[in-house]
Amino acid sequence: MPETQTLSTAMTPQERTPIAQLLWQGGTVLALIVLIVFFTIVRPDVFPSFTNVRNIFEQVAILTIIAAAQTLVMVVGDFDLSVGTNATLSGAIATALMIGGTPVPLAILVALAAGALVGAVNGVLVAYVKLSAFVATLATMTTVGGLAYIVTNGTTLYGMPEEFFWIGQGRVLGMPMPVVFALLIAALVWVVLRFTTFGRRLYAVGGNAEVARLSGVNVRRARLLAFTFAGLGSAVGGIVLVSRLGSASSASANNYMLLAIAAVFLGMTILKSGQANLGGTLVGVGIIGVLSNGLNILGVNTYVQQVLTGLIIIAAVTLSALKARDA
């Protein structure tokens, strides 16, 4: 083959059939529908029941909050590996303060400030010190994880005031409070990204940072704020989680990091451009929640579920990369 010739197996949009184009554009949504139909057929007595559907919403509520926070960072083209440990630390700080006699509102405010501070440190390291997001947030994840062990002394903390449990165990009009918080955070992030100048600047930075800078956008400040708000959102998730569980451990929310990244990557496959977006993230959260719930109902062990989650991440990253190249 002459050196000037290249071999490409990727189909252009003009070469795809209508069905192929539909699968290419809406494959992630179709995957969610297929999962729901499959589990409904396999276990019609359990999966579509009102109680189980409510359980699914409760189970994905914390993930929705943390994934929405992760979406803010991934919109600007970065990612945050510390969202899970940040949520763990924030929940542990709030719990330790309340056990020590600090009033509930003040303990929550301190925990939220701690989460935002961790996010701000990430933002400074990435936007101003010029470290890669992977290196900076990996280092922060390790440090924050160690701080969570120090705060909890490596044990599980109990004994929060009864009024604190309303945040994670209360209900409003029959709707669990974690679901209410998840809807509020998701709506807030959607409004910010969709209707505010700040949101448009985040997308501009994620699209092309140099073009955004030449257009007058303060790229460094935008990335700093994205990380800071992501840290704040992670703290909200951690506080709701410890309230729901009634305890705080040194690793209670660590697993949410990978799931949040998987949800955002799944959502990125919905848009042709391959950009992070909140609507797509919610679909990604839905896929993870339905799959986990359905596999639990079928009695599949957690190790197999971890393998499937890893495969989902690989598929989502590959598809989003192809979408970005196709855009």
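Quick notes
- In this simple spin-label model, placing a label point 7 Å from the Cα along the Cα-to-Cβ direction at both I99 and L131 gives a separation of 2.9 nm.
- Its DSSP H runs of at least 4 residues, each contributing -39,500 (n - 2.57), put the calculated 222 nm mean residue ellipticity of the chain at -24000 deg cm²/dmol, to the nearest 500.
- The stretch 207-327, relative contact order in percent, only Cα pairs under 8 angstrom and at least six apart counted: 24 percent
- With distances taken between every two different alpha-carbon atoms, the chain has a Kirkwood hydrodynamic radius of 20.7 Å.
- In order along the stretch 200-208, the Karplus-derived 3J(HN,Hα) couplings, from 6.51 cos²θ - 1.76 cosθ + 1.60 at θ = phi - 60°, round to 5, 5, 4, 5, 5, 5, x, x, 6 Hz, and Gly and Pro are given as x.
- Here the stretch 161-238 is treated as an ellipsoid with the same Cα gyration tensor; its semi-axes, largest first and in whole Å, are 35, 13, 7.
- Heavy-atom accessible area order for M268, M175, largest first, 1.4 Å probe: M175, M268
- Candidate residues E163, E210, E58: accessible-area rank, largest first, probe 1.4 Å: E163, E210, E58
- A convex hull fitted around the alpha carbon atoms of the stretch 180-325 yields 127 Å³ per residue.
- The share of accessible area on the stretch 236-282 that comes from carbon and sulfur is 62 percent, using a 1.4 angstrom probe.
- When the chain is treated as a Gaussian network with alpha carbon springs shorter than 10 Å, the biggest mean-square fluctuation among G237, G145, G27 belongs to G27.
- Only protein atoms count toward the accessible area here, which uses a 1.4 Å probe; on the stretch 123-166, the carbon and sulfur part of that area reaches 69 percent.
- Solvent exposure ordering (accessible area, 1.4 Å, most first) of L311, L63, L214: L214, L311, L63
The values are calculated or read from the model by the stated rules, or taken from the named source; none is laboratory data. In this text the structure is predicted, and so the values were computed from the model without any measurement. Every residue, glycine among them, receives a Cβ derived from its backbone with ideal geometry; neighbour counts consider all protein chains shown. For the accessible areas, the whole protein counts, side chains as well, though only heavy atoms, and no ligand, DNA or RNA atoms are used. Shrake-Rupley method; radii C 1.70, N 1.55, O 1.52, S 1.80 Å.
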